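Visitor: Shown below is the structure under consideration.
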Amino acid sequence: MSKCNICPRRCNADRDKNEKGVCGVAGKGIYVARAALHMWEEPCISGNKGSGTIFFSGCNLRCVYCQNYEISRGMAGKRINVEELSRLCLMLQKKGAHNINLVTPSHYIREIREAVLTAKKDGLTIPVVYNSSGYELAELIENICDFVDIFLVDFKYMKEETALRYSKAEDYPKIAKKAVAAMVRQAGKCRFDENGIMKKGVIVRHLLLPKHVTEGKEIIKYLYDTYGDDVFISIMNQYTPVSNLKDYPEINRKVTKREYERLVDYAAAIGVENGFIQEGDTAKESFIPSFYEAF
């Protein structure tokens, strides 16, 4: 980590010398912006008690339209150590969480692994969810199978030009394909308990962007052709233009009902059955959690 190459950016930031990486993280320690029960994930993740989400500060993708920009760029958050993170996991379990949901975790993965394994020794029994952008090295995924049960992963782009324009990551499609494949190898087919709560498996999310229905269809087709019913596909309509997007006028609006219906209808037409869709007005700022909740 002194020369950080833990993500596809391979930026070589020297953490020991407090150099800031592409993810926005400098130095040692873990920065957490929120740790609380969260009801807004897929039903098999949130259930009726909530997912025990831990939002980590910083992000290696830094999309121009990021809805969680307060933590991905602003670095809102409290610095904690491994022992405190372990206690947070146990606290969320005590509150009734169905799982521990690690949001944007990869740049802290060594510390997280130590914390979660310690928590497991101290009584953590609920599943652990790895919740990421999909911009992950496959070799990292292959080395976290000892503490991760569920992968909740984005598949944002199929076209290199789209990934370059919105995330400065032209290699995103290639990286995400390899990462998802590694996740499926690690987690296997989806498994649920008697109440429909996921215990093991992979959910792949696609957040539909305005004017990008065709690319969304390509992603859904790729996932279904490649994995069939072995993964659940979550098609999301909650895109909210919360940042300054004057240089990206094509996405400086919400997704229309018609755009979303076209993508959902396409998924149904090609045979997708294991999936989730969003209903109602999810594309509003109240759908985005506060990142100042005490813990």
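The values are calculated or read from the model by the stated rules, or taken from the named source; none is laboratory data. Predicted model only: the values in this text are computed from it and were never measured. FYI the Cβ positions are ideal-geometry reconstructions off the backbone, even for glycines, and counts take in every protein chain you see. Accessible surface is based on the protein model in full, side chains and every heavy atom, while ligands, DNA and RNA are left aside. Shrake-Rupley method; radii C 1.70, N 1.55, O 1.52, S 1.80 Å.
Visitor: Would you confirm whether or not the range 110-121 contains a residue that is in a helix (DSSP H, G or I), free of Cβ contacts under 8 Å to residues at least 24 places away in the same chain and farther than 19 Å from Gly201 by Cβ?
Guide: So the first thing to find is which residues in the range 110-121 are in a helix (DSSP H, G or I), and the list is 110-121.
When the remaining residues are screened for being free of Cβ contacts under 8 Å to residues at least 24 places away in the same chain, the result is 121.
After this cut, where a residue has to be farther than 19 Å from Gly201 by Cβ as well, the list is 121.
Yes, there is a match, as at least one residue in the range 110-121 is in a helix (DSSP H, G or I), free of Cβ contacts under 8 Å to residues at least 24 places away in the same chain and farther than 19 Å from Gly201 by Cβ.
Visitor: Next question, about the same structure. Of the residues that make up the range 68-78, is at least one among the basic types (Lys, Arg), at pLDDT 95 or above and either outside any loop (DSSP other than H, G, I, E, B) or buried (at least 18 other Cβ atoms within 10 Å of the Cβ) (or both)?
Guide: Looking only at the range 68-78, we keep the residues that are among the basic types (Lys, Arg), and these are 73, 78.
Checking which are at pLDDT 95 or above leaves us with none.
Checked against the condition, which is being among the basic types (Lys, Arg), at pLDDT 95 or above and either outside any loop (DSSP other than H, G, I, E, B) or buried (at least 18 other Cβ atoms within 10 Å of the Cβ) (or both), the range 68-78 yields no hits at all.
Visitor: Right, another one. Which condition does Ile144 not pass, out of (1) touching a Lys or Arg at 6+ places or on another chain (Cβ under 9 Å); (2) within 20 Å of Leu209 (Cα to Cα); (3) not aromatic (Phe, Trp, Tyr), if it passes all the others?
Guide: So Ile144 meets the others, but not (2).
Visitor: Can you work out which of the residues in the range 192-208 that are aliphatic (A, V, I, L, M) and in a loop (DSSP other than H, G, I, E, B) is nearest to Tyr157 (Cα to Cα)?
Guide: Applying the first criterion (aliphatic (A, V, I, L, M)) to the range 192-208 yields 197-198, 202-204, 207-208.
Checking which are in a loop (DSSP other than H, G, I, E, B) leaves us with 197, 208.
Numbers: Ile197: 28, Leu208: 10 Å.
Only one residue fits best here, namely Leu208.
Visitor: So, one more: Do you know which residues across the range 81-98 are assigned to a loop (DSSP other than H, G, I, E, B) and more than 23 Å from Ser46 (Cβ to Cβ)? Can you show your working first?
Guide: Step one: filter the range 81-98 for residues assigned to a loop (DSSP other than H, G, I, E, B), giving 81, 95-98.
Hit for the range 81-98 is Asn81, nothing else.
Visitor: So which residues in the range 123-133 are under 23 Å from Cys4 (Cα atoms) and either open to solvent by less than 10 Å² (accessible area, probe 1.4 Å) or among the hydrophobic types (A, V, I, L, M, F, W, C) (or both)?
Guide: Of the range 123-133, the ones under 23 Å from Cys4 (Cα atoms) are 130-133.
Selection gives Tyr130, Ser132.
Visitor: Within the range 189-215, take every residue that is among the aliphatic types (A, V, I, L, M) and under 17 Å from the mean Cα position of the chain (by Cα) and give me the one that is farthest from Asp149 (Cα to Cα).
Guide: First, pick out the residues of the range 189-215 that are among the aliphatic types (A, V, I, L, M): 197-198, 202-204, 207-209, 213.
Next, only the ones that are under 17 Å from the mean Cα position of the chain (by Cα) stay: 198, 202-204, 207-209.
Details: Met198: 9, Val202: 9, Ile203: 12, Val204: 14, Leu207: 23, Leu208: 26, Leu209: 29 Å.
Top of the filtered list is Leu209.
Let's see how each residue does on (1) basic (Lys, Arg); (2) under 14 Å from the mean Cα position of the chain (by Cα); (3) outside any helix (DSSP H, G or I):
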{"residue": "Cys11", "(1), (2), (3)": "no, no, yes"}
{"residue": "Tyr31", "(1), (2), (3)": "no, no, yes"}
{"residue": "Trp40", "(1), (2), (3)": "no, yes, yes"}
{"residue": "Cys44", "(1), (2), (3)": "no, no, no"}
{"residue": "Cys63", "(1), (2), (3)": "no, yes, yes"}
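Visitor: Which of the residues belonging to the range 79-122 are touching a helix residue (DSSP H, G or I) at 6+ places or on another chain (Cβ under 6 Å), more than 20 Å from Lys199 (Cβ to Cβ) and buried (at least 17 other Cβ atoms within 10 Å of the Cβ)?
Guide: Val82, Leu85, Ser86, Glu111, Ala115, Thr118
Visitor: I'd like to verify a number: residues in the range 220-240 that are open to solvent by less than 40 Å² (accessible area, probe 1.4 Å), more than 16 Å from the chain's Cα centre (by Cα) and in contact (Cβ under 8 Å) with a residue 12 or more places away in the chain, how many? Full working, then the answer.
Guide: Here is the first cut: in the range 220-240, the residues open to solvent by less than 40 Å² (accessible area, probe 1.4 Å) are 220, 223, 227-228, 231-240.
Filter once more, keeping what is more than 16 Å from the chain's Cα centre (by Cα): 220, 223, 227-228, 240.
Within this subset, residues satisfying the condition of being in contact (Cβ under 8 Å) with a residue 12 or more places away in the chain are 220, 223, 227, 240.
Total meeting the criteria: 4.
Visitor: Let me ask something else about it. Might you let me know whether the range 10-19 holds any residue that is open to solvent by 10 Å² or more (accessible area, probe 1.4 Å), farther than 30 Å from Glu194 by Cβ, of a type in the set (S, T, N, Q) and at pLDDT 90 or above? Don't jump to the end; show me each part of the working.
Guide: Taking the range 10-19 first, the residues open to solvent by 10 Å² or more (accessible area, probe 1.4 Å) are 10-12, 14-19.
Within this subset, residues satisfying the condition of being farther than 30 Å from Glu194 by Cβ are 10-12, 14-19.
Checking the rest, the ones that are also of a type in the set (S, T, N, Q) come to 12, 18.
Now restrict to residues that are at pLDDT 90 or above: 12.
Taking every residue of the range 10-19 in turn, at least one turns out to be open to solvent by 10 Å² or more (accessible area, probe 1.4 Å), farther than 30 Å from Glu194 by Cβ, of a type in the set (S, T, N, Q) and at pLDDT 90 or above.
Visitor: Among the acidic types (Asp, Glu) and closer than 17 Å to Lys156 by Cβ, is that true of Glu215? Let's see the steps before the verdict.
Guide: Numbers: among the acidic types (Asp, Glu): yes; closer than 17 Å to Lys156 by Cβ: yes.
Yes.
Visitor: For the range 29-44, state whether one or more residues are more than 24 Å from Lys120 (Cβ to Cβ) and out of contact with any strand residue (DSSP E or B) (no Cβ under 9 Å at 6 or more places or on another chain).
Guide: No, that holds for no residue.
Visitor: Find all pairs meeting these conditions: Cβ atoms under 8 angstrom apart; at least six residues apart or on different chains; first residue within the range 243-255 and in contact (Cβ under 8 Å) with a residue 60 or more places away in the chain and surrounded by 11 or more Cβ atoms within 10 Å (Cβ to Cβ); second residue outside any loop (DSSP other than H, G, I, E, B) and not polar (S, T, N, Q).
Guide: Ser243/Tyr69; Leu245/Ile251; Tyr248/Arg165; Tyr248/Tyr166; Ile251/Tyr166
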